[in-house]
Amino acid sequence: MIALIQRIGFMLGIIWLAVTLAFFALRVLPGDAIQSQLVQGGVDATVIEERRAEQGLTDPVGIQYLRFLTGILRGDFGYSLLSREAVSEMIARSLLPTATLALGALILATVLGIALGVIGALRMGGGLSIVTRLLISLSVSTPIYYTGTLAIYIFSVLLGWFPSAGASSFNHFILPVSVLGFHTAGSIARVTQANVSEVLDAEFIRVARAKGLRERDVILRHALRAGLLPVVQVIALQAGFLLSGAVITESLFVRPGLGRLLLDATLQQDYPLVQGIVVLAAITYAVLNMLADIVRLLLDPRIRI
Amino acid sequence: MRVPLLILGVILFFVILAPVLTPLDPMKTNPTLQFQPPSGDNILGTDSLGRDVWTRVLYGGQSTLLMAIFALLIAIIPGVTLGLLAGTGQRWLDRMIGALTSALLAVPSLVVALVVLTLLGRGILSLSIAVGLSQIAPCAAVTRAAVQGVRSLTYIEAGYGLGATRRRILLRHILPNIQPTLMAYAGVVFGYSVLNGAALSFLGLGGELGTPDWGIMLAEGRAAFRIAPWIGIAPGLAITATIWSVNTLADHIGKR
Amino acid sequence: MLRRAAVWSWWTFALYLLTACLPIAQSQESATTNRIVYGLTLEPSGFDPHINRSSELGIPLRQVYDTLVYRDPTTDAIVAGLATEWSISEDGLTYTFKLREGVTFHDGTPFNAEAVAANLDRITSAETASQRSVFMLGPYSGYTIVDAYTIQIILSEPYSPLLDSFAQVYLGIASPAALSEYSDNRYQFHQVGTGPFIFVEYVPKDRIVLRRNPNYTWGPAFYQPPTDQSVNEIEFRFFTDPPTRSLALESDEAQVMGELLPTDARTLTGNSGVQLLPVSIPGQPMQFLINTKLFPTDNRAVRQALLFGTNRNEIIDAVYQRFSPVAWGPLSASTLYYNPEVNSLYNYDLNQANALLQSAGYSDSNGDGFLDIGGAEVEVKVIVPPWGLIPQVAELIQDQWRTIGIRTTLDPVPTFTALLAEVEKGEYNLVAFDTAGIDPSLLNTFFMTGASNNFTGFGDANLDNLLLEAEHQTDDNARRALYAEVQRVIMNEALVLPIRDYVNLNASNARLQGLTFDPYGWFPLLNNAVLLSES
């Protein structure tokens, strides 16, 4: 029970730290969304200042920060400076499309990444090994915008197999998930390969073999378990990175979602919206980290969490 | 491991000796010759402003590799230090560092980049800081996980039992054991640095305008991939070859 | 066993690929016939025409709302819309609109003077915090409802662009019932107008859907009654990544698309299934404003030399694939009262440029290939935003000016606020910025002394008077003469470096016919669009 309370306390700490960092980082930038919109229309500087004052943007930063924190405590994330919708609503709406995209990509990346990594670690040699290495390198070295554009050209324009724009059916799901998943698989594969091959050489595996355990048990009981520990962490990290990956994937494949919401909000300096997304990201990371710790505990009970 | 060394050597040779290997100016536009396919004059063709792609690939390697190496150092040094502290230190330290990295991860890298480039101005160094900063937390998390993985190995447990100092265990036993994971992840970070730097430049957050860079060339090549595929292919191959070699070498070094 | 684990993973992957490749029905065809997908190029931060300011929002909403007056797409003249006739008082302070009878909103609410009043109240209320429409009303001071179908707009001083404002969708007339039912931040999801299409839904970041209004009979004269082939349903989607736009047209996932990349437009000219529909956008051309407050552009001769030393044709050929005309002055050729006298004032002419620089005392005394004066190196700094292919234009200009001995540094900025921050520092010689609109009164905020967008720093009582007089004057010929003089003064002082007239590179599926655009350029008129059946 105490451990649980501690955990929750820590999660709150993480969220506080993240939003505080984001809050002050954003305030370093000159200007804001309101100024940007109105200056483009040639509106008088005095009118612009009035408008900014109405939104509390001219108050001292300390006051704004306190207002923001007390707002969060009341569950009020504020309103977008531009559309003036509640931030929580805007985020809630974008959550599902991004979550499905990220989950699909993560599953594909995990399966593909571990497969490629294990094959690489076994050092089987020959064509398969070369193809595996090449795929891993391509995954880490080709940006989503390039593979995505090529995928659209080949599979939508030339072959006509899959639609490339929208999110209304399962078919719309395939190209973006494949592109994002392939891009994410590389780092999982890299770390899997390094760890599994390292563990295969480790002393305790040799000891286990010397004890006369069957090879299958040696590998299953010991090698894979130990070898996958850091991989779990990398998968958790990649799950988090999927938000940045979604920024480009969603634009390419004309999908709604958090990635585009974040991109627009950041470039337009719609502060309450960016802050809201940071809160969400902090919660996601805290939960993912906890999950990763739990999974690793299951893989190796000797780890202290 | 001769092949990746050879490839890397060749790439470095070409990139460093760019001024000797091409008489052309990578920045000089020549709009009447835009989108020319590879020919005797331009062995890799020309880009959208008529600049020589071969020349730009050579010079582009300089800024790309410098940027990626800086970014790698900025990410790895504090990242690994934090990860080791978290993995080997007291429980509270582990928790604190865990919280810090989670919080850092939650701040979008786009925001980090905007702020860094606003404060420090443009250039290769600020671009690598922007790219490197957002990779510190992942490096720390991976290191911490790797340390935890090897800590429980029998002989390390035994070392603690025998009263060896933390420092000694860290240097003698843990570090060598997690080296493969670290090297593997460093290879990944290197690759992401190349790509993320380009992604930022693409959003208008990059270095000087017109400065050649493999990632940016790839982005330009994408916009013209049907009328002039050669613009993206050469820098794309350069990136893939470099990352492949770096990764393979990293694996090899990690093994020793 | 590890091998087996690997094999198992591969199998899962193969299974995934297999399910991916199964011939599942491509997409659920909507039951509605004559449905099209229209590709927008960016998602505005909000879709309320009275609140938000983007041009993009007008593309769908032009179909949802009628305005009091329209501009005829062929003659550009102001013609009847929801107002059948109007008059302006002698002093220019009172505009009387006679409203059309028998018009109903999509929700059944009748249209009348009360409805117009409710819209004006909303637009001008401080709570609405309108980003655009309230400023389009100029010196608005109130209204008088004369009778059920007559309303007067009262101004505090004459303001001739008012009719132009009432022709734009930002002053589109919304149902007063809907306005009072939904609060300001909810109305954008439940918009109700009187136009040819009914607003069905708006899902942010995803789509806007419109369906044809079967009761629509009160459209402007250039709207034709619908036929069997008329487009009945339109789904707008956001194609924010430029290179994917032409691909969506080719795979028939969108039937209309705005702002193609010029290189893609050139590729599409070879595709018989797609037709290009380039539309010129009136307003300011793509231009650089020249700072008259900073060395060396504080010298008029230097500014003129820069204009003479810029090869616009080369820029338009290379960057815009010849899809844009050369711009010559502070207004593009499709803008009202454009003065053709500015044409060719600054033809590309290296001799002129060199002579001007020489006369200003510049020379290359240290032989480094760049000019200097009094021992000081000359350097021109340009603020370069990332949109509209401006970075490529700037890179070409940098090389072009090298031939007249001008050293140019480019200062790229990521966002408009970053551009503003750089402008506020004052350390720039040129900055790329412009705005669209058909009435030249948009020049006021750029060239009046101390005005908010006066990034040239130029201030001149004569120019101020001309601009103010043109804004007050309602007589067409008088305005034309005043704006002719304004354009002459601006180019004589070389305050702007115009590059190209804006052209929106639209394209559509060849089966889509009858799509025209209103004189503002950005906004399509989809009432007359028909979708021919597949041959």
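The values are calculated or read from the model by the stated rules, or taken from the named source; none is laboratory data. The structure displayed is predicted, hence computed values, not measured ones. Every residue, glycine as well, gets a Cβ built from its backbone with ideal geometry; the counts of neighbours run over all protein chains shown. Ligands, DNA and RNA are excluded from the accessible area calculation, which covers all protein heavy atoms including side chains. Shrake-Rupley method; radii C 1.70, N 1.55, O 1.52, S 1.80 Å.
Taking the options C:E377, C:E341, name whichever one is touching a residue at least 60 places away in the same chain (Cβ under 8 Å), of a type in the set (D, E, K, R) and open to solvent by 60 Å² or more (accessible area, probe 1.4 Å).
Working: C:E377 fails: touching a residue at least 60 places away in the same chain (Cβ under 8 Å).
Going through C:E377, C:E341 in turn, the sole match is C:E341.
Hey, could you check segment C:398-433 for residues that are within 28 Å of C:Y338 (Cβ to Cβ) and facing another protein chain (nearest Cβ under 10 Å) and say which is nearest to the chain's Cα centre (by Cα)?
Out of the qualifying residues, it is C:F433.
On the basis of being more than 27 Å from A:S36 (Cβ to Cβ) and either under 15 Å from the mean Cα position of the chain (by Cα) or surrounded by 15 or more Cβ atoms within 10 Å (Cβ to Cβ) (or both), does A:G104 make the cut?
Working: more than 27 Å from A:S36 (Cβ to Cβ): yes; either under 15 Å from the mean Cα position of the chain (by Cα) or surrounded by 15 or more Cβ atoms within 10 Å (Cβ to Cβ) (or both): yes.
Criteria met by A:G104.
Scan segment C:242-262 for residues that are open to solvent by 20 Å² or more (accessible area, probe 1.4 Å) and either within 21 Å of B:D47 (Cβ to Cβ) or without any contact (Cβ under 8 Å) to a residue 40 or more places away in the chain (or both) and jot them down.
C:P242, C:E250, C:S251, C:L261
Condition check: more than 21 Å from the chain's Cα centre (by Cα) and within 25 Å of B:I243 (Cα to Cα). Does B:I43 satisfy that? Steps first, please.
On the way: more than 21 Å from the chain's Cα centre (by Cα): yes; within 25 Å of B:I243 (Cα to Cα): yes.
Spelling it out, B:I43 is indeed more than 21 Å from the chain's Cα centre (by Cα) and within 25 Å of B:I243 (Cα to Cα).
Go through (1) under 30 Å from C:A113 (Cα atoms); (2) open to solvent by less than 20 Å² (accessible area, probe 1.4 Å); (3) among the aliphatic types (A, V, I, L, M) for C:I234 and report which single condition fails.
Status for C:I234: all satisfied but (1).
Out of C:T84, C:T67, C:T128, report the one residue that is in contact with a helix residue (DSSP H, G or I) (Cβ under 9 Å, 6 or more places away or on another chain) and modelled with pLDDT of 95 or more. Walk me through how you get there before you give the answer.
On the way: C:T84 fails: in contact with a helix residue (DSSP H, G or I) (Cβ under 9 Å, 6 or more places away or on another chain); C:T128 fails: modelled with pLDDT of 95 or more.
After applying the criteria, what remains is C:T67.
Could you please find all residues in segment B:84-118 being farther than 21 Å from A:F241 by Cα, open to solvent by 40 Å² or more (accessible area, probe 1.4 Å) and assigned to a helix (DSSP H, G or I)?
Passing the criteria: B:L85, B:R91, B:W92, B:L93, B:R95, B:M96, B:T118.
Among the residues of segment C:101-122, write down those that are in contact with a strand residue (DSSP E or B) (Cβ under 9 Å, 6 or more places away or on another chain) and open to solvent by less than 50 Å² (accessible area, probe 1.4 Å).
C:V103, C:H106, C:F111, C:N112, C:A113, C:A115, C:V116, C:A117, C:L120
Among (1) touching a residue at least 12 places away in the same chain (Cβ under 8 Å); (2) part of a helix (DSSP H, G or I), where does A:L150 come up short?
(1)
Taking interchain pairs and intrachain pairs at least six residues apart, which have beta carbon atoms under 6 angstrom, with the first residue in segment C:512-526 and basic (K, R) and the second open to solvent by less than 20 Å² (accessible area, probe 1.4 Å)?
Once the first residue is basic (K, R) and sits in segment C:512-526, no partner that is open to solvent by less than 20 Å² (accessible area, probe 1.4 Å) comes close enough.
Any idea which of C:E157, C:E127 is within 14 Å of chain A (Cβ to nearest Cβ), of a type in the set (D, E), open to solvent by 50 Å² or more (accessible area, probe 1.4 Å) and not in a strand (DSSP E or B)? Reasoning before the result, please.
On the way: C:E157 fails: within 14 Å of chain A (Cβ to nearest Cβ).
The conditions single out C:E127.
Residues checked against (1) more than 14 Å from chain C (Cβ to nearest Cβ); (2) in contact with a Phe, Trp or Tyr (Cβ under 6 Å, 6 or more places away or on another chain); (3) part of a loop (DSSP other than H, G, I, E, B):
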site	(1), (2), (3)
B:F14	yes, no, no
B:P26	no, yes, yes
B:T32	no, no, no
B:F35	no, no, yes
B:S39	yes, no, yes
B:G50	no, no, yes
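In segment A:171-268, which helices (runs of 4 or more DSSP H) lie fully inside it and hold 3 or more residues that are touching a residue at least 24 places away in the same chain (Cβ under 8 Å)? Walk me through how you get there before you give the answer.
Details: elements: A:171-201, A:203-210, A:229-252, A:258-268.
Output list reads A:171-201, A:229-252, A:258-268.
Give me the residue from segment A:168-198 that is surrounded by fewer than 23 Cβ atoms within 10 Å (Cβ to Cβ) and touching a Pro at 6+ places or on another chain (Cβ under 7 Å) and, out of that set, nearest to the other protein chains (Cβ to nearest Cβ).
Ranking the qualifying residues of segment A:168-198, first place goes to A:N171.
Tell me yes or no: at least one residue of segment C:477-500 is among the acidic types (D, E) and crowded, with 22+ Cβ neighbours inside 10 Å. Before you say what the answer is, go through the steps one by one.
So the first thing to find is which residues in segment C:477-500 are among the acidic types (D, E), and the list is C:485, C:493.
From what's left, crowded, with 22+ Cβ neighbours inside 10 Å: none.
Looking through segment C:477-500, none of the residues is among the acidic types (D, E) and crowded, with 22+ Cβ neighbours inside 10 Å.
Count, please, the residues in segment B:149-188 that happen to be within 9 Å of chain A (Cβ to nearest Cβ), at pLDDT 80 or above and open to solvent by less than 20 Å² (accessible area, probe 1.4 Å).
7
Pairs only if they're at least six apart or on different chains, beta carbon under 7 angstrom, first in segment A:281-295 and more than 8 Å from every other protein chain (Cβ to nearest Cβ), second open to solvent by 30 Å² or more (accessible area, probe 1.4 Å) and not β-branched (V, I, T); list them, first residue then second.
What qualifies is A:M290/A:R7.
Consider segment A:220-272. How many of its residues are away from chain B (no Cβ under 11 Å) and on the phi > 0 side of the Ramachandran plot?
Looking only at that region, the number is 2.
For segment A:231-254, give me the residue count where each residue is within 30 Å of A:S197 (Cβ to Cβ), touching a Lys or Arg at 6+ places or on another chain (Cβ under 9 Å) and open to solvent by less than 10 Å² (accessible area, probe 1.4 Å).
Result for segment A:231-254: 2.
As an exercise: evaluate B:L218 against (1) within 14 Å of chain C (Cβ to nearest Cβ); (2) open to solvent by 10 Å² or more (accessible area, probe 1.4 Å) and give the number of the one condition it does not meet.
B:L218 satisfies all of (1) within 14 Å of chain C (Cβ to nearest Cβ); (2) open to solvent by 10 Å² or more (accessible area, probe 1.4 Å) except (2).
Residue by residue, here is whether (1) farther than 21 Å from B:L6 by Cα; (2) within 9 Å of chain A (Cβ to nearest Cβ) holds:
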residue	(1), (2)
B:P212	yes, no
B:F225	yes, yes
B:P229	yes, no
B:W244	no, yes
B:T248	no, yes
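Which numbered condition in (1) crowded, with 21+ Cβ neighbours inside 10 Å; (2) assigned to a helix (DSSP H, G or I) is the only one that C:N453 fails?
(2)
Report every pair of residues separated by at least 6 positions or lying on different chains whose Cβ atoms are under 6 Å apart, first residue within segment A:40-52 and more than 7 Å from every other protein chain (Cβ to nearest Cβ), second at pLDDT 85 or above.
Final answer for the pair search is A:I48/A:Q35; A:I48/A:L38; A:R52/A:I34; A:R52/A:T58.
So for segment A:79-97 (the condition being in a helix (DSSP H, G or I), farther than 20 Å from A:L258 by Cβ, open to solvent by 60 Å² or more (accessible area, probe 1.4 Å) and more than 11 Å from chain C (Cβ to nearest Cβ)), does at least one residue qualify? If you could, list the steps in order and put the result at the bottom.
So in segment A:79-97, the residues in a helix (DSSP H, G or I) come out as A:87-97.
Filter once more, keeping what is farther than 20 Å from A:L258 by Cβ: none.
No, the conditions are met nowhere in segment A:79-97.
Considering only segment C:313-331, state which residues are within 30 Å of C:G450 (Cα to Cα) and crowded, with 23+ Cβ neighbours inside 10 Å.
C:A327, C:W328, C:G329, C:P330, C:L331
So that you can scan it fast, the table gives a plain yes or no per residue for (1) within 14 Å of chain A (Cβ to nearest Cβ); (2) in a loop (DSSP other than H, G, I, E, B); (3) closer than 17 Å to C:R62 by Cβ; (4) of a type in the set (V, I, T):
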| residue | (1), (2), (3), (4) |
| --- | --- |
| C:T217 | no, yes, no, yes |
| C:P220 | no, yes, yes, no |
| C:F236 | yes, no, yes, no |
| C:T263 | yes, no, no, yes |
| C:S272 | no, yes, no, no |
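Take the residues of segment C:384-395 that are touching a helix residue (DSSP H, G or I) at 6+ places or on another chain (Cβ under 6 Å) and modelled with pLDDT under 95: which is surrounded by the fewest Cβ atoms within 10 Å (Cβ to Cβ)? Write out each step before concluding.
Let us first name the residues in segment C:384-395 that are touching a helix residue (DSSP H, G or I) at 6+ places or on another chain (Cβ under 6 Å), namely C:384-385, C:389, C:392-393.
Now drop any that are not modelled with pLDDT under 95, which leaves C:384-385, C:389, C:392.
Values: C:V384: 24, C:P385: 20, C:L389: 17, C:Q392: 21.
Step by step, filter segment C:384-395, then rank; the result is C:L389.
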